[in-house]
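The values are calculated or read from the model by the stated rules, or taken from the named source; none is laboratory data. Computed from a predicted structure; not experimentally measured. Cβ placement follows ideal geometry from the backbone for every residue including glycine, while neighbour counts extend to all protein chains displayed. The area values use the complete protein model at the heavy-atom level, side chains included, leaving out ligands, DNA and RNA. Shrake-Rupley method; radii C 1.70, N 1.55, O 1.52, S 1.80 Å.
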Protein chains: 4
Amino acid sequence: MATATMVGAAAVKAGLTRPVGCVSALPDFGRVDLPGYGDLVFGGHDIAGGSVPKRAEQLVQARVLPQGLPELVEPDLVAADEEIRPGPLRDGAAPRAAVDAMVADLEDFRARHGLDRVVVVNVSSTETPLADPPPPEYLSLAAFRDALAAGTGTFPAGVLAAFAAFTAGCPFVDFTPSTGARPPALAELADRCRVPYAGSDGKTGETLVKSALAPMFARRALRVHAWTGTNLLGGGDGETLADATRAAGKIESKRRVLAEILDHPVDDGVHIHNVPELGEWKTAWDHIAFEGFLGARMTMQITWQGCDSALAAPLVLDLVRFTAAAHRDGRHGPLAELGFFFKDPLGSREHRLERQYETLVRWANGLPGRRS
Amino acid sequence: MATATMVGAAAVKAGLTRPVGCVSALPDFGRVDLPGYGDLVFGGHDIAGGSVPKRAEQLVQARVLPQGLPELVEPDLVAADEEIRPGPLRDGAAPRAAVDAMVADLEDFRARHGLDRVVVVNVSSTETPLADPPPPEYLSLAAFRDALAAGTGTFPAGVLAAFAAFTAGCPFVDFTPSTGARPPALAELADRCRVPYAGSDGKTGETLVKSALAPMFARRALRVHAWTGTNLLGGGDGETLADATRAAGKIESKRRVLAEILDHPVDDGVHIHNVPELGEWKTAWDHIAFEGFLGARMTMQITWQGCDSALAAPLVLDLVRFTAAAHRDGRHGPLAELGFFFKDPLGSREHRLERQYETLVRWANGLPGRRS
Amino acid sequence: MATATMVGAAAVKAGLTRPVGCVSALPDFGRVDLPGYGDLVFGGHDIAGGSVPKRAEQLVQARVLPQGLPELVEPDLVAADEEIRPGPLRDGAAPRAAVDAMVADLEDFRARHGLDRVVVVNVSSTETPLADPPPPEYLSLAAFRDALAAGTGTFPAGVLAAFAAFTAGCPFVDFTPSTGARPPALAELADRCRVPYAGSDGKTGETLVKSALAPMFARRALRVHAWTGTNLLGGGDGETLADATRAAGKIESKRRVLAEILDHPVDDGVHIHNVPELGEWKTAWDHIAFEGFLGARMTMQITWQGCDSALAAPLVLDLVRFTAAAHRDGRHGPLAELGFFFKDPLGSREHRLERQYETLVRWANGLPGRRS
Amino acid sequence: MATATMVGAAAVKAGLTRPVGCVSALPDFGRVDLPGYGDLVFGGHDIAGGSVPKRAEQLVQARVLPQGLPELVEPDLVAADEEIRPGPLRDGAAPRAAVDAMVADLEDFRARHGLDRVVVVNVSSTETPLADPPPPEYLSLAAFRDALAAGTGTFPAGVLAAFAAFTAGCPFVDFTPSTGARPPALAELADRCRVPYAGSDGKTGETLVKSALAPMFARRALRVHAWTGTNLLGGGDGETLADATRAAGKIESKRRVLAEILDHPVDDGVHIHNVPELGEWKTAWDHIAFEGFLGARMTMQITWQGCDSALAAPLVLDLVRFTAAAHRDGRHGPLAELGFFFKDPLGSREHRLERQYETLVRWANGLPGRRS
């Protein structure tokens, strides 16, 4: 997904493609002062290995990117590749040392490129959810810092990334359902560092459809009895989520949308199935059993065949642009107005897509610097 | 559909069923002063024949109504049956005579029951669309009256029903895609008689889904290339719409929604197929081919298996309640605020379901007599 | 399923319905000397409770049986009900005592009605599969009898039912995927008692489709990479199979068909999901990812919406008729020729539906007593 | 399709790909003496224009062929391209002159390459069906020749191609539903020239599935009430078949399979819809409404997403190999044993796929020259 994002930004900048899938490029945001695609500089911490140009070529083979495109934007991909650093936790580094290394990398990156700000986006694999309630070291910043210094406690990579981002004064966007910036200790740090953050879990496929369609049943007073989802995933995502404990966070995040939109309990099982043959593609099948007037039982079925990286990449660019604008505007804490992009929106319980869009448009057009 | 409406109203009135599928019974309308289900008195002009209790029994056989329900509300069905008059055009009556008969029936019905108002709802079969532009006799009320008196010109039953309703001072709701109250001559009459009207073509299935889902593609900047629909219909509806000239109006009405919601041309073929075996049920299959970031081609498929009468009947009750309230409030002309219920909303080009709902809530709650 | 079988046999006998779904009533078997529907007498051991007429009424409510049918065959249902005995294991009886009680019931039933033979059919819920390899007491009849007498070892109800049937000289049909008559100890007993048996696991829905469709891919040299199945089940079946250990046997049985028909390894995950709302109905969705010429990737999807009891009941009647004829003909041991009816055919590895049908036709028409 | 066939033959010959989709390469035919892929020499009459290598590149863009493959077999494609002649009817030539030109081309091609035989395969667009009964000039060879000489009568290109093939002593395979070799005049010529022919209309997608699946309903005594098909086609095929008169032949051919397999009348509507966006790909949706025991109504839905050229090309190679072997063996007239490959098999009314396959295996293994 990170590679598709970088190739796409370069292609849009160079005018090689229309910004299809880019929400921030819609006319509704035409007067909002957002950073241009050409103003973005990419870098990252990588745990998977492989150079950016090589991965772009793999995406061509996987039919995610059009043939020939990576070659046309090769200088941009090489430049990004030079700014990729190994994931600091990869070689068994202590959490504290990893945080320090990430902070140093972020500050160095910002200084060398003379950037106004750096937005950190977590696009790594889903992590096992933290215990609920969270362990004591997550309940306050002081406790968290003590545990980190002492090397006690559990620190998933996504939490450390958020901690490092905030410490370096960088906004943080969590495109995954992992713990990230949610615990009180992290929220406290973001406040103190006066940086905004957004999340969680990019809404790109089945849940996107649910958030558009579930309001239809609610508005028409139709009673949904069971909304059952099956997700066939290939690629690394399928493998990660075949692990039940890791999948738990994803599934929980996917289920929230129905519980919030429909005003009655729904049997909303979600099943994730690893089908390596599908590669970068995903097929979701949803079966909705609902009741109409006088007890009539009806059904609706949906099959969604999408490419997750092609759906997610333009949203990553949108989130970077909106979050950067929020940071420029001095916002800190959770950006509830970006709930449109997420399965589990931080700071909001609104899941209806159209309402989320209205909120986004209103907020973005209220930011300073509106063009006339 | 008319029978299901009458059985349903009686069942809701008697507390035998929850008003599932009834929009006007949602909490958002809890304080709006609408006529109660028990305040409604039913009558009608019928072209199909068969008593109301007998047809209710057929709906039980067709699995539209639950077994045993018609017996529980039999007195209401018998009472309604006594108010059913033969369609005045049935025996080859002249249009003018038919109008006069309908006006007399409406006035007599209103007087005998001491009703505040009568709302006329057209739930008959789809008629062949009028030529476009309409014939000269449709361009002004005077010309229309002259032609009617002279017995020249073409007068579909739905047009005469609207004319009679307005003449008798009754609001008119068109649940079909037929011409109805749309031509200038009728609009002029409605204005003169100071009655409101609403239409056209109840949005109950495939188009309902489109109006909820197409905004998702627009909001996410995904480019829909082809949205192809296949409708398998049984019952009389399938037979009527197997006739290409009659289907034309229906299909045109179904296509409008995409053209309005998406800001680019879409290949939006709709095919209607008569499958008598399906009886009262309908299956629609939609195939959506769309483009995401960097040219990625994706698809979505939808299968909708619904019972049209169970979906339409509660909306008929909603429309009667809202239209009666509008009439009581002195509204006349097209009720654009009821666009939520229609495939081809008179007086409005807004097709996005959520926006239509917001409009409806705002308007209804602004009606006089709001309960606290 | 048992109730639907008894109602159906009575309805076919009385000429109230055509034998739709009854394989043995096809013209291909028109000259085979099979017991008539009117020659069958029903009885059973029941663990669920509830009288036969009452359950028939529940099936009407669940839309499995047509309204009014149970009343028309009530005498048959009452007669059957009088021959239902409580499951002998229900009240915590020792396995040995339960076997003795079942044998006595079977012999008494046969004697009282003056029957030529009694065919025992297991239509109870799926049991947890036996360990593999089976425990030592299952390896020989002697060891089994010793363990039964001593009250040591594990004896699922289905195993005891097979043991009792064989002991009473009755053929046994296993419509479930449970252990039943498969272990060596039972096979030895069937041989010694000279009775035939057939199984396992009636092929009624998703697996039926697989056994008809998988040969298409094989014959056309198309390479199936992944055939993924999702089963939404309501009713008691869904609940039982939501239990992973019980589902294991069912899933294993469902998967066998692809492994045998396709000559290469296939990713063939099957997922079972309990959706109580579906009641007696079942929806299966299969997604098949396959490869054609020059690496082209294609897919096929299937949605099957069926009523398991309506699909299974006529097959139970077929199995009783064919197994009775085999017994009359002196056959003993596993009836591999009945593989057509089963997901996991005892005595055969042939899963291709058309081949199984050819085998059945050839065998049945070779039975003595063919009519001219 | 022709281009995919030539690229595929070259790739299989060179060992660059496994012969996935090639029926004649299955183990069941391992001992049959068929021409090797490397023994085939390609030429053709083309009406569409564009060189073979260029079209191969277009198929890569359309994701039918893997990237890089055409380059690897370029010499073969260039060699084939040199043997492509313009369609002789293209420039308004008289039918008689066109036939003469084709005969000369075929004889020249065979002589220059020193070939044992040339198999002519019609893979052009579907033509408007001939009137039924056919015009008088089609009823005998003499009448046909007279009309051809006189330049009177209607002569579709496919008929002339068959006439030219037979005249030149070449077997003819009709992969289209067009008239081709079916009329008596052509059959008489084939007999006189002692050449075999096969057809009609390659069975590659929806109809293939029907021929595998319809027997399942028949064997299980399930009553199919309605089997409705919708075909979304892109590319040239979609455009051609959007023309109702041309589509008529295709649809008629598609419908035959159900009428023959099921022993009762079926509502079997087929709808073809042109969706240019789909390019070389095709999506078919089939809805099957069927009845089980005691009137239970059930449904099955199928979605097939395939690439027609990738499905058809290997069958063209199979047909060439089998037809060549039949010719070598002295067979003439219609090759009913090749019905496995066709929607509308010449010389046979058997449509059940498994039966057709058994016939093919038996016949092919009975050909002379079987390897041990």
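Quick notes on this structure:
- Computed from Cα atoms alone, the Kirkwood hydrodynamic radius reported for the stretch A:58-142 is 16.7 Å.
- Calculated label separations, C:Leu72, copies of the chain, 7 Å along the beta-carbon direction, nm: 2.7, 6.5, 7.0
- Cross-link partners of A:Lys282 among lysines, defined as those whose alpha carbon lies under 22 angstrom from its own and excluding same-chain residues fewer than eight positions apart: A:Lys203, A:Lys210, A:Lys250, A:Lys254, A:Lys343, D:Lys282.
- On a per residue basis, the convex hull of the C-alpha atoms belonging to the stretch C:206-307 measures out at 85 Å³.
- By the Stokes-Einstein formula, at 1.002 mPa s and 20 °C, the stretch A:232-372 with its Kirkwood radius over alpha-carbon pairs has D equal to 121 µm²/s.
- Based on the Stokes-Einstein relation at 37 °C and a viscosity of 0.692 mPa s, and on the Kirkwood radius from alpha carbon pairs, the stretch B:145-196 is assigned a translational diffusion coefficient of 294 µm²/s.
- Partners of B:Lys54 within straight-line reach, counting aspartates and glutamates whose Cα lies under 20 Å from its Cα and excluding those fewer than 8 residues away in the same chain: B:Asp46, B:Glu71, B:Glu74, B:Asp76, B:Asp81, B:Glu82, B:Glu83, B:Asp237, B:Glu280, B:Asp308.
- Spatial extent of the protein assembly as shown: Rg and Dmax, with the Cα atoms as the point set, Å: 35.5, 103
- Counting only DSSP beta bridges whose two residues both lie in the protein assembly as shown, roughly 60 percent are antiparallel.
- All-pairs Cα distance distribution in the stretch B:324-372, expressed in whole percent, bin size 5 Å: 4, 21, 29, 23, 15, 6, 1
- 16 Å tail of the calculated P(r), the stretch D:1-60, as % of Cα pairs: 52
- Positive minus negative residues near B:Ser200 (Lys, Arg vs Asp, Glu; Cβ under 13 Å): +1
- Note: relative contact order over the stretch B:206-307, using C-alpha pairs below 8 Å and six or more positions apart, is 38 percent.
- Net charge of Cβ neighbours under 13 Å - reference D:Arg112; Lys, Arg +1; Asp, Glu -1: -3
- Spacing of the two label points (7 Å from each Cα toward its C-beta) at A:Ala244 and D:Ala150, in nm: 8.3
- Efficiency of FRET from Cβ geometry, D:Glu260 and A:Leu72, R₀ 51 Å, rounded to 0.05: 0.40
- For the stretch B:75-199, the Kirkwood hydrodynamic radius from C-alpha pairs, put into Stokes-Einstein at 4 °C and a viscosity of 1.567 mPa s, yields a diffusion coefficient of 87 µm² per second.
- Cα centroid separation, the stretch D:57-105 to the stretch C:289-316 (Å): 39
- For chain A, share of DSSP beta bridges that run antiparallel, in % to the nearest 5: 60
- Using a probe of 1.4 Å on the protein chains alone, the accessible area found for C:Cys307 is around 0 Å².
- For D:Pro27, the point set 7 Å out from Cα toward Cβ sits 3.7, 6.3, 6.5 nm from its twins in the other copies, listed from shortest up.
- Convex hull of Cα atoms in the stretch D:1-100, direction-averaged projection (nm²): 8.0
- The label-point distance for D:Ile47 and B:Ser51, in a model that sets each label 7 Å from Cα toward Cβ, rounds to 6.5 nm.
- Debye intensity ratio in log₁₀ form over the Cα atoms of chain C, taken at each q of 0.13, 0.14, 0.15 Å⁻¹: -1.12, -1.30, -1.48
- Within the stretch A:183-283, antiparallel bridges make up roughly 25 percent of the DSSP beta bridges whose residues both belong there.
- Interface area, D with C, accessible, probe 1.4 Å, both sides summed, Å² nearest 100: 5100
- Efficiency of FRET from Cβ geometry, B:Arg194 and B:Ala111, R₀ 30 Å, rounded to 0.05: 0.95
- Other copies of A:Ala97: label-to-label distances in nm, shortest first, labels 7 Å along the beta-carbon direction: 7.0, 8.8, 10.3
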